[in-house]
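This is the structure, below, for whatever I ask next.
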Amino acid sequence: MKKESQKGVSVIIPTFNRVKFLYPTLLCLANQKVEETLEFEIIIVDSGDDETEPVVRMFQNRGKLSIVYKKIKKCKNRSLLRNTGADCANYSILCFLDNDMLTPPDFIQTHFNEHKNNEHTVLLGCRKSLLHFDIAQIGEEALQTNFNILEQLPFYTDERIRLFNEDEPWRFVFSHTLSVERTDYIKAGGFNREFGEHWGFEDLELGFNLQLVGCKFKLITDQFTFHQPHFAQSNKEQHEMSHNAELFIQLHNCFECELYESFYTSFDEFYPVLKELKKSFVLPSKETQKKYDLIFGCLFSSMENVSYKNMYLGAYSMKEDKSCKNLLIVETFFSLPEIIQMSILAEAFRVSECICIEDNEISKIKAFIKIAKKAGLIIDYNAEKDRIVFKKQEETNSQIFIMLLPDIFEPEKRYVYSWLASHMLKNGTYVNIRDMKKTENVRYDDFYLPEDSQKLIENNFERCFGKTTLQFINSLSMLLVDSSPAIPNSKRTFIIHDEDYALKFQSLKFRMFNNANHLDEAVFDTLSFLSVLETVENYKREKSCAAEKDSFCCFMENGFKEDGIDLILEAFAEYAKDHTSAKLTIKMPDPSAFLNVVFTLHNDISKNSKLFSGNQKRAMDLINLVTMINQNGLEKNVSIIQKNFSISEVVDFVDKSESLIFASRGCSVPPQVYIALLLGKKTVIGQHHMILNWLQPYCSIVEAAPYEFAGELNVPAACLNLPYVAFRMNSQKLFECLTETKELLPDELKTKIAQEAYRIIDTFFVRK
């Protein structure tokens, strides 16, 4: 019997100038604990020119590992390298491992046992991606004698743990940790060398072929490997995927492949719909196929392995712009989910000037035009003998937006944008909602939305919209920090001016976004007003509190100095001298609840590491707050509520006081100020606050003076804060305003502001 048929495991590791990562990987493999009868080998396929070879020789000389070393001159074709390793393998199980993976001592034994118990099964190893790792710091001994020490480092977990299912399981095949029976690997044809030196999809394509030859797939969830971090290189590689994505779809013309590429995060939503539609799909006749260069709306399944070159679903087209004379969209199109329809039309009008349907039913024509408009295409049509021919007249803005929510630790502003997103979704506009901290659950937010709106937001986190042209909604204050997202400088970008602090240099507002649509401060103020109007009106119809005399409230949502709590306490202490029964209630968020939802795939160590500085600041702010209350002898007059409220609870909280004091050193006005005005409360603000002009006469306005940001907020001066100005309200004037009276906001003005707010939203964001 040839050695290549012997029972055992061949671990195949391709590498290209990655000796820094390969060394710890080999340390872990040299530390494997296996049964005496189990044989295994490590096959290194080296295509680089660094010090990999002498390092491999060193491990060979130690005698703890059976290593086969194969040298190939400079080559980045991952498929070729892995296939070369497989050709050198001597054992029945092929285990493909990336050169930056740290394996536990039972890694090889576990894979062997799983294959012994599960024939014709592809095993997918789960990984934990470390955020920090340095073998020189942790030490070789620690890694080899106490592998679990890695659990104490910050990492994020494999997303496939919550996503994996039996619907097209090839989607979850990643070659960083993958094992397969050699016979199945050969039957599937190995890795496809056509993917060349571009990054990605060669492992998915192998999984696709393994599925075709009848393999099952299992995700190993009781054992983890650890990935060594190298983010810059990884991000660069992932930007080079488009070539391989197109090749993958060309090789396997099926709706599943197009769904994966165009609607990755929405695959499980759309897959069952298309799978059911497939049953009624009728293949266009040969005569029809000859009439058209390209046919969209076709549904071929992954198991069919069709060879048609001019028929696709069409959500992701590999054709060049205007490369087809005429394109047919078949009847199935009208039963597809609208988002997929929009993507198909976007691609259809990109590759052809004439789009046809062989149906002259007026309802179909109207539906086609409506869907095209949502996708940002104004089209016209001509009726011919046996078909309708559509042509593009112009491009306009689509009804699909991407919105990045403000940080969960900025609850007031986050609430306004969440409300806007839910309002748009309720009115038929599509919104892909994203979050810098990877939050997927807004039920723990402060100022959280009603249940129906929460569900809408959560259902639209990280949605995919295929090839349809997108628009962007962004907060200016988020773009003025280093971590600002990559958004286009184009007319498809809407930037809402909601800056927290005044800028010394106005040019910063337009930094890198001179072509975008800039919506001034009044837009954000109007949105803030509208976001609470309905809640307040409902509250007033159903409930009303009798506020205690000399009762005040304020909010410390952003910080002790940021929200001017020191100024409020100073003025309130003066007021309490003559009004000994006066009460001030300070509402704060409970940030500990946010740990349940931020960085959802990260371990607690990683979360605490990322949030450490913010948590330290919030702890210090609370100490400063309590200290100042005690120093001014206000223990009996001031109470603190530390809890995350729904927007309805915020309204109730404000209504229980006679007055709301807002003394933020920033300019932006939060929703609770508008709540107070709508409830008829005395509302104290600073002259620097950017409230709607219509509402100023109904506020008690305190003088304020500008100061250098760093000095006023007692933080180190840095490039990020030098252009800003923070304001300090005059404590004496603030004290005087506590007794001032103002007339109530009239109902007709509320209506006028609401009408203007809806006009703004309809103009820019909701196009019915």
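The values are calculated or read from the model by the stated rules, or taken from the named source; none is laboratory data. Predicted model, so just to flag it, every value in this text is computed and none were measured. Neighbour counts are summed over all protein chains in view; Cβ atoms, including those assigned to glycine, are modelled from backbone coordinates with ideal geometry. Just the protein is used for accessible areas: all its heavy atoms, side chains included, with ligands, DNA and RNA removed. Shrake-Rupley method; radii C 1.70, N 1.55, O 1.52, S 1.80 Å.
Any idea of the accessible area per residue across region 566-625, 1.4 Å probe, to the nearest Å²?
Accessible area per residue, region 566-625: 45 Å².
Considering only DSSP beta bridges where both residues belong to the chain, give the percentage that are antiparallel (nearest 5).
Approximately 30 percent, going by the DSSP bridge assignments.
Of L328, L204, F599, which is farthest along the charge dipole of the chain in the positive direction, counting Lys and Arg as +1 and Asp and Glu as -1 at C-beta?
The residue sitting farthest along the positive end of the dipole is L328.
Applying the Karplus parametrisation 6.51 cos²θ - 1.76 cosθ + 1.60 with θ = phi - 60° to the phi angles of region 455-466, what ³J(HN,Hα) value in whole Hz is obtained for each residue in order, glycine and proline being reported as x?
4, 4, 4, 5, 6, 10, 5, 6, 7, 10, 10, x
Assuming a ≥ b ≥ c are the square roots of the Cα gyration tensor eigenvalues, decide whether region 420-463 counts as rounded (a/c under 1.5), prolate (otherwise, with a/b larger than b/c) or oblate.
Oblate is the answer for region 420-463, as a/c is 1.5 or above yet b/c matches or exceeds a/b.
Placing +1 at every Lys and Arg Cβ and -1 at every Asp and Glu Cβ, with all other atoms neutral, what dipole size does the chain have around its Cα centre, in debye to the nearest 20?
For this selection, approximately 1360 debye.
Could you give me the ³J(HN,Hα) list for region 522-535, computed from phi with Karplus coefficients 6.51, -1.76, 1.60 and θ = phi - 60°, whole Hz, x at Gly and Pro?
Per residue, the Karplus-derived 3J(HN,Hα) values read 4, 5, 5, 4, 5, 4, 4, 4, 5, 5, 10, 4, 5, 4 Hz.
Around F401, which amide H atoms from residues at least 5 apart in sequence, or from another chain, sit under 5 Å from its own amide H, with H modelled in the peptide plane?
Y430, V431, N432, Q471
Give me the angle, in degrees from 0 to 90, between the Cα long axis of helix 411-426 and the longest principal axis of the Cα atoms of the chain, rounded to the nearest 10.
That works out to roughly 70 degrees.
Okay, moving on. Taking amide hydrogens as modeled 1.01 Å from N in the peptide plane, which residues meet the under 5 Å criterion relative to K583, leaving out close sequence neighbours?
S551, F552
Hey, can you find the accessible area per residue of region 632-687 for me, probe 1.4 Å, expressed in square angstrom?
Accessible surface, normalised per residue, equals 28 Å².
Next question. Calculate the length of the line joining the C-alpha centroid of region 92-131 to that of region 573-587, in whole Å.
66 Å
If you line up the long axis of helix 19-29 against the longest principal axis of the chain, both from Cα atoms, how many degrees apart are they, to the nearest 10?
Tilt of helix 19-29: around 70 degrees.
Whose amide H sits under 5 Å from the amide H of Q642, counting only residues 5 or more places off or on another chain, with H placed in the peptide plane?
Amide H to amide H, under 5 Å and 5 or more residues apart or across chains, Q642 pairs with M588.
Here is a follow-up. Counting only protein heavy atoms and using a 1.4 Å probe, what share of the accessible area of region 664-768 belongs to carbon plus sulfur, as a whole percent?
Carbon and sulfur: 53 percent of the exposed surface of region 664-768.
Further, regarding this structure: On the protein heavy atoms, probe 1.4 angstrom, tell me the percent of accessible surface of region 1-135 carried by carbon and sulfur.
Result for region 1-135: 47 percent of the exposed heavy-atom area is carbon or sulfur.
Which whole-Hz couplings ³J(HN,Hα) result when phi for each residue of region 333-350 is put into the Karplus expression 6.51 cos²θ - 1.76 cosθ + 1.60, θ = phi - 60°, listed in order with x for Gly and Pro?
3, 6, 9, 6, x, 4, 4, 5, 4, 4, 5, 4, 5, 4, 6, 4, 6, 6
Taking the Cβ-Cβ separation of N538 and K455 as r and a Förster radius of 30 Å, what is the calculated FRET efficiency to the nearest 0.05?
Using R0 = 30 Å, I get an efficiency of 0.95.
I've got another one for you. Can you classify region 65-217 as rounded, prolate or oblate using the Cα gyration tensor, where a ≥ b ≥ c are the square roots of its eigenvalues, rounded means a/c under 1.5, and otherwise it's prolate if a/b beats b/c and oblate if not?
prolate
Using only the Cα atoms of region 16-149, each taken as one equal point scatterer with no solvent, compute I(q) by the Debye sum, divide by I(0), and report log10 of the ratio at q = 0.09 Å⁻¹.
Once normalised to I(0) and log-transformed, intensities are -0.27.
May I pose another question? Give me the distance between the Cα centres of region 445-513 and region 620-698, rounded to whole Å.
Using only Cα atoms, the two centres lie 26 Å from each other.
Would you please put 594-600, 659-665, 627-633 in order of how densely packed they are, using the mean number of other Cβ atoms within 10 angstrom per residue and starting with the highest?
Highest to lowest by the protection proxy: 659-665, 594-600, 627-633.
Enter the accessible area per residue of region 1-124 (Å², integer; probe 1.4 Å; all protein chains in place).
Ligands and nucleic acids excluded, the result is 43 Å² per residue.
I'd like to compare 579-586, 634-641, 726-733: which one has the highest average count of other Cβ atoms within 10 Å, and what's the full order after that?
Sorting 579-586, 634-641, 726-733 by mean packing, highest first, produces 726-733, 579-586, 634-641.
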